[in-house]
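A quick write-up on the structure given underneath.
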Amino acid sequence: MPTVGILALQGDFDAHNRALAPLDVTTLLVKTVADLDACDGLIIPGGESTTMTKLINGFELYDDILSFVESHPVMGTCAGMIMLSKDASDSRVKPFKVIDLSVDRNAYGSQKESFEADITLSEEFETSERPFRAVFIRAPRVSSWNEADIIPLASYNDVPIIFRQGRVLALSFHPELTDDSRIHSYFVDMIRESLVR
Ligand code: GLN
């Protein structure tokens, strides 16, 4: 069974833990380098990327997380996407730059302007004909991406919101806040594929 780590310094890591519960995986809330060493893949949750950066630096975890995300499957949701991006346009955020896209933080508005929307997943996902309920909370919007290497896997109002580049999956919204496990299941498949190679 693969071990899926969830970075548990800040944000909604517990919701990811619950979302993974129906899947055939072991989960681990990651707070230390030793935790990271036990994982086959990592989720960086939603939360607040400026605070996450402070905590990662405070616990001196930046270099270890960087080498992990450079060599293993990783999924970032919302603030997690910001942390994986190439450019967060904010000097308070130190992203890992493992996916070739740039983000505008909070581009969809403030907490009060949070919203939910039905989106259509690309055919790479199970039963993609069924809509996925996407929850956006102070969500980042991707302002540019490497179109040669990244095919977006879903859009909302013509703006892409799910991106995959090799081992890296990044989403503007929170798939962990609904009961629909298709996106977590897709990420677990990415981990399984990396283990059989
Ligand atoms: N606005 C937050 C940030 O910039 C992200 C919000 C979220 O993860 N729901 O980090």
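The values are calculated or read from the model by the stated rules, or taken from the named source; none is laboratory data. Just so you know, these numbers come straight off a predicted model, no measurement behind them. Here the Cβ positions follow ideal geometry from the backbone for every residue, glycine too, while neighbour counts run over all protein chains shown.
Tabulated results
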item	result
Some residue of the range 89-100 being on the phi > 0 side of the Ramachandran plot, outside any helix (DSSP H, G or I), touching a Leu at 6+ places or on another chain (Cβ under 9 Å) and surrounded by 14 or more Cβ atoms within 10 Å (Cβ to Cβ)	yes
Segments classed as helices (runs of 4 or more DSSP H), wholly inside the range 4-71, with at least 3 members that are within 16 Å of the ligand (Cβ to nearest atom), of a type in the set (A, V, I, L, M) and at negative phi	49-58
Residue check for residue 5: at pLDDT 95 or above and buried (at least 18 other Cβ atoms within 10 Å of the Cβ)	yes
Candidates 116, 124, 129 - the one that is more than 11 Å from the ligand (Cβ to nearest atom) and free of Cβ contacts under 8 Å to residues at least 12 places away in the same chain	129
Some residue of the range 47-54 being crowded, with 21+ Cβ neighbours inside 10 Å, among the β-branched types (Val, Ile, Thr) and under 20 Å from residue 2 (Cβ atoms)	no
Unmet requirement for residue 83, which otherwise passes all of (1) within 20 Å of residue 66 (Cβ to Cβ); (2) more than 10 Å from the ligand (Cβ to nearest atom)	(2)
Matching residues, the range 105-126, being surrounded by fewer than 12 Cβ atoms within 10 Å (Cβ to Cβ) and farther than 25 Å from residue 95 by Cβ	112, 118, 123
Per-region count, the range 132-166, residues part of a loop (DSSP other than H, G, I, E, B) and within 16 Å of the ligand (Cβ to nearest atom)	4
Residue in the range 91-107 that is in contact (Cβ under 8 Å) with a residue 40 or more places away in the chain and more than 22 Å from residue 53 (Cα to Cα) present	no
Residue match in the range 74-84 (condition: surrounded by fewer than 20 Cβ atoms within 10 Å (Cβ to Cβ) and either in contact with a Cys (Cβ under 7 Å, 6 or more places away or on another chain) or outside any loop (DSSP other than H, G, I, E, B) (or both))	no
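To keep it simple, each residue is scored yes or no on (1) closer than 25 Å to residue 193 by Cβ; (2) at pLDDT below 95.
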{"site": "73", "(1), (2)": "yes, no"}
{"site": "91", "(1), (2)": "no, no"}
{"site": "94", "(1), (2)": "no, no"}
{"site": "124", "(1), (2)": "yes, yes"}
{"site": "129", "(1), (2)": "yes, yes"}
{"site": "150", "(1), (2)": "yes, no"}
{"site": "168", "(1), (2)": "yes, no"}
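Okay, residues lined up against (1) among the aliphatic types (A, V, I, L, M); (2) buried (at least 16 other Cβ atoms within 10 Å of the Cβ); (3) without any contact (Cβ under 8 Å) to a residue 60 or more places away in the chain:
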residue	(1), (2), (3)
137	yes, yes, no
147	no, no, yes
150	yes, yes, yes
155	no, no, yes
161	yes, yes, yes
175	no, yes, no
178	no, yes, yes
190	yes, yes, no
196	yes, no, yes
